Amino acid sequence: MPDYMKLQNGSDIRGVAIATEGGKPVNLTKECVHAIGGAFAKWLKEKLGEGVARVAIGRDSRLSGAELGLWLQEGLCAAGLDVTDFGLCTTPAMFMCTVMEGYQYDGAVMITASHLPFERNGFKFFTAKGGLEKKDIAAILTSAGEGSFETGLCGKRDSFDFLPAYAAMLTEKIRTAAGEEKPLCGLNIIVDAGNGAGGFFAEKVLAPLGAKTACSQFLEPDGRFPNHAPNPENAAAMEAIRNAVIASKADLGIIFDTDVDRAGAVLSDGSELNRNKLIAILAAILLREHPGTTIVTDSITSTGLASFIAEKGGIHHRFKRGYRNVINEAVRLTAQGQDAQMAIETSGHGALQENYYLDDGAYLMVKLLIELSRARKEGRSLESLIETLQEPKESAEFRMPLLAEDFAAYGNKVISALQEYAKAQDGWQPAEPNFEGVRVQIGDGWFLLRLSLHDPLMPLNIESDAKGGVKTIAAALYDFLRDFPGLDSGSLRDA
């Protein structure tokens, strides 16, 4: 039996679709993708019943997307399902086709590998209940490897451009909230799609609302990503949108990742609106709309953000890395009676309760655009919402390789030892509660050491409100971590 389990990446499937010189071998083969299609069809029928009939598939701009889509259609149709090919689409739109009136597909698949290099690709799966979980992906890959799914049937195939319907929904949300047909009239707004799937936002969302979008860049889909990585966390990508905003004196810049489930922004003064700042501005908006709500974030958010959320009357629930982790935690809290309107990672993955807890970069920008329209009417700037947010003077992330064969076990050994060590140090205050790794406050700064979700690494985040604080904390940690030969902590020595 083929071993397809190595394709699992949390709640997604990811692999190599294009051979490159010196690169890894292709593992998203025709046989593999056929099997994944058949296995997803089986999973849908088991979960939703024999009435399952229709699946939609879409893709981002990757070079391998069309071929993978064809193979996936063949696998799904051979298992008896009818398939509609949406062509170029976004991850959030693929979920929305399962719930939007008039569409309501039984299942949907997005072909994407998010911000990964061009040779990579993969699949994200949806039903009307949301994205599939890790256990569901494991079941699909197990079934694909075993070949335990129907074949030889003849589902029908057709095609449809769904993006205009999804864009019209976003446009209508802004119009309804603003109470105007063209609430962005005269505003200069730049979109940087990084040659991914987000270019539609300029033409199909912003322009109908009256915004000027002529200075937008890299809107044309191109799976080679020739201009910069389509990733709001990428320094070169953020510099590109920042330069464009400053050069054109724009009122706002918007940047999407490849499949538009993440986004970042640049304010009119050229300051970047991502990570803690993006979370803060969205939290301020939601706390005005839902006083006292809980904001669930990942583990590496700053102490300044926690203070800001408290100042606005909210509850900050710092949880684990991983967008599914923060979303599921927000869902859990809300089900238990603790309202949690937003779940968001510092990476830009953000999901709102009002939008099905779907991590949708375009929807986050819709919230910003509504606020931009409101701020203009009230004679203030968008950035005024976060003027009291305290940013650290210094911050750094060290990604330290784990050299042990069983890297997860070794990493957990390091974490356990550091937890005990931290308790015995004067001036070290371990965070309580803490859901991931070791987080410790030291004077005017803090550190968080954790295991990477997927890779043999231990990321270490350090922030400080004092000049030279990062170096001081790094040196203190190096004195402890250098005694673990299975962890390459040399970068701390050179900090």
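The values are calculated or read from the model by the stated rules, or taken from the named source; none is laboratory data. Remember, it's a predicted structure, so these values are computed and weren't measured experimentally. All Cβ positions, glycine included, derive from the backbone under ideal geometry; neighbour counts span all protein chains shown. All accessible areas refer to the heavy atoms of the entire protein, side chains included, with ligands and DNA or RNA removed. Shrake-Rupley method; radii C 1.70, N 1.55, O 1.52, S 1.80 Å.
Close contacts from region 433-450, counting a first residue that is at pLDDT below 95 and a second that is assigned to a loop (DSSP other than H, G, I, E, B) and open to solvent by less than 60 Å² (accessible area, probe 1.4 Å), with Cβ to Cβ under 7 Å and a gap of 6+ residues or different chains, come to GLY443/GLY427; ASP444/ALA466. For region 352-382, which residues satisfy the criterion of being surrounded by 19 or more Cβ atoms within 10 Å (Cβ to Cβ) and small (Gly, Ala, Ser)? If the condition is that a residue be surrounded by 19 or more Cβ atoms within 10 Å (Cβ to Cβ) and small (Gly, Ala, Ser), then GLY361, ALA362, SER373 are the ones that fit. When region 1-56 is limited to residues that are within 21 Å of HIS115 (Cβ to Cβ), among the charged types (D, E, K, R) and surrounded by fewer than 20 Cβ atoms within 10 Å (Cβ to Cβ), the one that is nearest to the chain's Cα centre (by Cα) turns out to be LYS6. Of the set (1) open to solvent by 50 Å² or more (accessible area, probe 1.4 Å); (2) outside any strand (DSSP E or B), all apply to ALA404 but (1). Here region 458-495 is the region considered, the condition is being of a type in the set (A, V, I, L, M, F, W, C) and open to solvent by 20 Å² or more (accessible area, probe 1.4 Å), and the residue that is farthest from GLU391 (Cα to Cα) is PHE484. Applying the condition of being crowded, with 24+ Cβ neighbours inside 10 Å and of a type in the set (S, T, N, Q) to region 220-260 and asking which residue is nearest to GLU383 (Cα to Cα) yields ASN231.
If you go through region 146-173 and keep only what is in a helix (DSSP H, G or I), more than 19 Å from VAL109 (Cα to Cα) and out of contact with any helix residue (DSSP H, G or I) (no Cβ under 6 Å at 6 or more places or on another chain), you end up with GLU146, ALA168, MET169, GLU172. Just to be sure before I move on: is LEU385 hydrophobic (A, V, I, L, M, F, W, C) and surrounded by 22 or more Cβ atoms within 10 Å (Cβ to Cβ) in the structure I sent? Judged against the criteria, LEU385 is not a match.
Criterion first (in a strand (DSSP E or B), crowded, with 19+ Cβ neighbours inside 10 Å and modelled with pLDDT of 95 or more) does ILE295 satisfy it? Against the criterion (in a strand (DSSP E or B), crowded, with 19+ Cβ neighbours inside 10 Å and modelled with pLDDT of 95 or more), ILE295 qualifies.
Just so you know, in region 92-137 the residues that are within 18 Å of LEU68 (Cβ to Cβ) and of a type in the set (Lys, Arg) include one that is least open to solvent (accessible area, probe 1.4 Å), and it is LYS124. Inside region 207-234, residues that are within 22 Å of LYS249 (Cα to Cα) and touching a residue at least 24 places away in the same chain (Cβ under 8 Å) make up a count of 14.
Among the residues of region 411-430, those identified as open to solvent by 40 Å² or more (accessible area, probe 1.4 Å) and in a helix (DSSP H, G or I) are ASN412, LYS413, SER416, GLN419, GLU420, TYR421, LYS423. THR176 satisfies every condition listed in (1) assigned to a loop (DSSP other than H, G, I, E, B); (2) over 26 Å from the mean Cα position of the chain (by Cα); (3) not small (Gly, Ala, Ser) except (1).
Taking the criterion of being part of a helix (DSSP H, G or I) and under 15 Å from HIS290 (Cα atoms), the only residue of region 311-329 that qualifies is GLU311.
Scanning region 209-219 for residues that are open to solvent by 40 Å² or more (accessible area, probe 1.4 Å), touching a strand residue (DSSP E or B) at 6+ places or on another chain (Cβ under 8 Å) and in a loop (DSSP other than H, G, I, E, B) gives CYS215, PHE218, LEU219. Cβ-Cβ contacts under 7 Å between residues 6 or more apart (or on different chains), taken from a first residue in region 375-395 that is closer than 15 Å to ALA284 by Cα and touching a residue at least 24 places away in the same chain (Cβ under 8 Å) to a second residue that is exposed (fewer than 15 other Cβ atoms within 10 Å of the Cβ) and of a type in the set (D, E, K, R), are listed as GLU383/ASP269; THR388/GLU311. Among the residues making up region 80-91, those that are crowded, with 24+ Cβ neighbours inside 10 Å and either in a helix (DSSP H, G or I) or more than 22 Å from the chain's Cα centre (by Cα) (or both) are LEU81, VAL83, THR91. Among the residues of region 476-495, those identified as over 17 Å from LEU448 (Cβ atoms) and part of a helix (DSSP H, G or I) are ASP479, GLY490, ARG493. Checked against (1) open to solvent by less than 60 Å² (accessible area, probe 1.4 Å); (2) under 21 Å from THR301 (Cα atoms); (3) of a type in the set (A, V, I, L, M, F, W, C); (4) touching a Phe, Trp or Tyr at 6+ places or on another chain (Cβ under 9 Å), PHE447 meets all criteria but (4). Annotation note: of GLY102, GLY58, the sole residue that is assigned to a loop (DSSP other than H, G, I, E, B), within 25 Å of ALA351 (Cβ to Cβ) and either in contact with a helix residue (DSSP H, G or I) (Cβ under 9 Å, 6 or more places away or on another chain) or not acidic (Asp, Glu) (or both) is GLY102. List every residue pair whose Cβ atoms sit under 9 Å apart, with the two residues 6 or more apart in sequence or on different chains, where the first one lies in region 253-278 and is more than 13 Å from MET365 (Cα to Cα) and part of a strand (DSSP E or B) and the second, anywhere, is at pLDDT 95 or above and open to solvent by 10 Å² or more (accessible area, probe 1.4 Å). These pairs meet every condition: GLU272/ARG242.
With respect to the conditions (1) at pLDDT below 95; (2) under 15 Å from the mean Cα position of the chain (by Cα), ALA265 falls short on a single one, namely (1). Every listed requirement among (1) at pLDDT 95 or above; (2) on the phi > 0 side of the Ramachandran plot; (3) surrounded by 21 or more Cβ atoms within 10 Å (Cβ to Cβ); (4) of a type outside the set (Phe, Trp, Tyr) is met by GLY348 save one, (1).
Looking only at region 335-357, residues that are in a strand (DSSP E or B) and either within 24 Å of VAL266 (Cβ to Cβ) or of a type in the set (Gly, Ala, Ser) (or both) come to 8 in all.
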